[in-house]
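Asker: Please see the structure below; I have some questions.
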Amino acid sequence: MPERIESSQPDDGEAGRDPGPVRPDDGERTPAQPAFDPLDLFRAGREQPRSLRRLPSLCLTAVRIARSASPRLLLALVALSVVAAAVLGLQVLLGKAAIAGILDQERTDRNLAAALPAVIGLVAASALGGVASAAQAQCQRLLSERVEMTMWSSILDVTTSVSLEVFESPGFFDHLQRVRTNALTQPAAMTQGLAGLIGGVLAVVGLAIGLLAIEPVLVPILLAGGGPLWLITRRSGRLEFDFAIAQTPIARLRFYLAEVMYGRNEAKEVRAFELGETLKGRWQQAYSSFLTDLARHVRRRLVLAVVGALVTVGVTTLAVAVLLYSIFEGDLPLASAGAALIAVRLLAGRFQQLFTGVGSIFEAGLFLSDFESFLARRPVATGSSGRQAHMFDELRLEDVHFRYPGSDHDVLEGVSLTIRRGEVIALVGENGSGKTTLAKLLAQLFEPSAGRIIWDGVETHQLDAAETRRHVGIIFQDFIRYQLSARENIVFGRMEAADGLDAVRAAARAGGADGFISRLPAGYETGLGKEFSGGHDLSVGQWQRMALSRAFFRDAGFLVLDEPTASLDARSEHELFEHVRALARGRSLLLISHRFSTVMSADRIYVLHEGRITEEGSHAELVELDGRYAELFELQARSYR
């Protein structure tokens, strides 16, 4: 499935968050599926040749994923399926021998003794079959869990490596929602289908061989039921996939509303504005819409299931009728008839197992195709371009434009600026002016839609991106408060240097966090936050100092501070930035702040308005210019008087 990016993202702190679900208007529902049409089966029949061609590739995909998860469990599952199938064929033959011995008209002790081994063998085979089935179920459960872990690992590889502008699109989150949901359900369905297919094929072969030895004419009768069952399972799998696709937006809305109602950060506002009943009502409305569509979907699948059961019953009835005719005509001994009756019943059941397995693989295969298209979003690892980035002496933007995927307008238009080693640069502007987007471009998190970013004379797309980002430390306004230990909160700034506590303490001292960390119950190993038992929560200011410490631990030559101290008062923010400037001597520093008391001492200030740089210069020069900066500065100065 091709990648679809559906809309743009807002700027200045909003773009980095989950954009949330597509929110339909109140009462809007996903399009209803049409009522079941029997002609669907004929339409599915036209797809049968293509389905037959796809089955081997789907089976190979299922085997490949299962083998990568646990080759030993897969081998055990196959071996147990072989044992269970062999036992079924053996039961038919032993049943025939046992019935023949028991029904012998002479009923002599000698004949009864001759029948005893067959009876014992039949009991032993039944016991072995039961043990094999139980072991098979447990192996299947373990394999499903391992497959789930493997698929989740692949999903997380994509979410942590895909470009930020793609990650922030609603289209990506719709796709992620589908694979995230199916990663929890489809591995079990796939392994069950694979086990059912393997066991079903082997069991059908074993029983067919046994039945051929007793009454060959019954085998083609039973095999004739395979065609309709194939069509039914194929159609049922397609219905399930189409239903999941149609329900993705409403499912995201449901999950989003639930997260708002049970989220820790949202709890204050939900209670302050008494939103509980309102949000719950929206959630119930979305859930009711889903249940209405689900009921319609279940009815359609139930019709298909009933048709499949009727086909199985009809074929089995025909086989039994032929069997009875042979008995009444005297063409078949009673013992053989009894064994054949058992074989017919078992074979009908195994056919059902076989086609249920095929249907599960087809259904899972549709989701696996969607899953593989999601994995294709992961950037191809091309390795280093051969041009390693060192800390720049000059970073320059030339006529840079940026447009979020799916948007019809540029967020940044014709931006040009220069940052030199050791300079303190400030970005100011009203909300939505493009400051955060520009910061992400400078931090190498976005690539420009047009224009050039030049790192010491080399365009950044020619440099190794990961190596370039190692020279950049960035703190956003909505920085993460990791609910882990204090040490981990700091070393996440540069994991390759995580060994040793001395460097961690040095970074914490630079960020002003060492004092309160040392007073925590377990020092740097104390868990932070309230998410887990024993965690110690911090004040807003302390969390901000943890984020600064993380940036200092990165030891980057270029620091980007995107309003990380916005919740502090003006004096505290100014003091903190002065502290940062003193510690960052020799480094380049980009400040984004709404407070002019913080940015007025910057070497150069750029004023952004509607995605364009409208003014630049020092504080004194911009005040002298008497433009937008001077106007905003005066407005803020009045507010503090």
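Asker: Quick one: residue 131 ticks every box in (1) over 30 Å from residue 371 (Cβ atoms); (2) in contact with a helix residue (DSSP H, G or I) (Cβ under 6 Å, 6 or more places away or on another chain); (3) at pLDDT 75 or above except a single one, so which number is it?
Answerer: (2)
Asker: If a residue has to be of a type outside the set (Phe, Trp, Tyr) and within 30 Å of residue 445 (Cβ to Cβ) to count, how many in the range 125-173 make the cut?
Answerer: 21
Asker: Please determine, by comparing only the residues of the range 262-314 that are open to solvent by 70 Å² or more (accessible area, probe 1.4 Å) and aromatic (Phe, Trp, Tyr), which one is farthest from residue 243 (Cα to Cα).
Answerer: So the residue we want is 273.
Asker: Applying the selection to the range 120-144, what residues are over 18 Å from residue 63 (Cα atoms) and either in contact (Cβ under 8 Å) with a residue 24 or more places away in the chain or aromatic (Phe, Trp, Tyr) (or both)?
Answerer: 121, 122, 125, 126, 128, 129, 132, 133, 135
Asker: Please determine whether any residue of the range 477-486 is out of contact with any His (no Cβ under 8 Å at 6 or more places or on another chain), closer than 28 Å to residue 592 by Cβ, assigned to a helix (DSSP H, G or I) and open to solvent by less than 30 Å² (accessible area, probe 1.4 Å).
Answerer: For the range 477-486, residues out of contact with any His (no Cβ under 8 Å at 6 or more places or on another chain), closer than 28 Å to residue 592 by Cβ, assigned to a helix (DSSP H, G or I) and open to solvent by less than 30 Å² (accessible area, probe 1.4 Å): present.
Asker: Turning to a different aspect of this structure: Please indicate, with yes or no, whether at least one residue in the range 298-317 is hydrophobic (A, V, I, L, M, F, W, C), more than 29 Å from residue 228 (Cβ to Cβ) and either modelled with pLDDT of 70 or more or in a helix (DSSP H, G or I) (or both).
Answerer: Looking for residues that are hydrophobic (A, V, I, L, M, F, W, C), more than 29 Å from residue 228 (Cβ to Cβ) and either modelled with pLDDT of 70 or more or in a helix (DSSP H, G or I) (or both), one finds none in the range 298-317, hence no.
Asker: For the subset of the range 155-170 comprising residues that are closer than 16 Å to residue 371 by Cβ and in a helix (DSSP H, G or I), which member is nearest to the chain's Cα centre (by Cα)?
Answerer: Result: 155.
Asker: Got a number for residues in the range 487-502 being open to solvent by 50 Å² or more (accessible area, probe 1.4 Å), modelled with pLDDT of 75 or more, in a helix (DSSP H, G or I) and under 22 Å from residue 559 (Cβ atoms)?
Answerer: The number of residues fulfilling the criteria is 3.
Here's the yes/no breakdown for (1) aliphatic (A, V, I, L, M); (2) open to solvent by less than 10 Å² (accessible area, probe 1.4 Å); (3) modelled with pLDDT of 75 or more:
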site: 178; (1), (2), (3): no, no, yes
site: 184; (1), (2), (3): yes, no, no
site: 213; (1), (2), (3): yes, no, no
site: 223; (1), (2), (3): yes, no, no
site: 227; (1), (2), (3): no, no, no
site: 233; (1), (2), (3): no, no, no
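Asker: Do you know which residues across the range 603-617 are open to solvent by less than 60 Å² (accessible area, probe 1.4 Å) and either over 22 Å from residue 638 (Cβ atoms) or under 43 Å from the mean Cα position of the chain (by Cα) (or both)?
Answerer: Those that are open to solvent by less than 60 Å² (accessible area, probe 1.4 Å) and either over 22 Å from residue 638 (Cβ atoms) or under 43 Å from the mean Cα position of the chain (by Cα) (or both): 604, 605, 606, 607, 608, 609, 611, 613, 617.
Asker: State all residues of the range 505-535 that are within 33 Å of the chain's Cα centre (by Cα) and within 27 Å of residue 577 (Cβ to Cβ); if no residue qualifies, say none.
Answerer: 524, 528, 529
Asker: Taking the condition of being modelled with pLDDT of 75 or more and of a type in the set (Gly, Ala, Ser), how many residues in the range 576-596 meet it?
Answerer: Qualifying residue count, the range 576-596: 3.
Asker: Please go through the range 145-163 and pick out each residue that is touching a residue at least 40 places away in the same chain (Cβ under 8 Å), open to solvent by 50 Å² or more (accessible area, probe 1.4 Å) and of a type in the set (A, V, I, L, M).
Answerer: Selection gives 149 alone.
The values are calculated or read from the model by the stated rules, or taken from the named source; none is laboratory data. Here the structure is a predicted model, which is why all the values come from computation and not from measurement. All Cβ positions, glycine included, derive from the backbone under ideal geometry; neighbour counts span all protein chains shown. Ligands, DNA and RNA are excluded from the accessible area calculation, which covers all protein heavy atoms including side chains. Shrake-Rupley method; radii C 1.70, N 1.55, O 1.52, S 1.80 Å.
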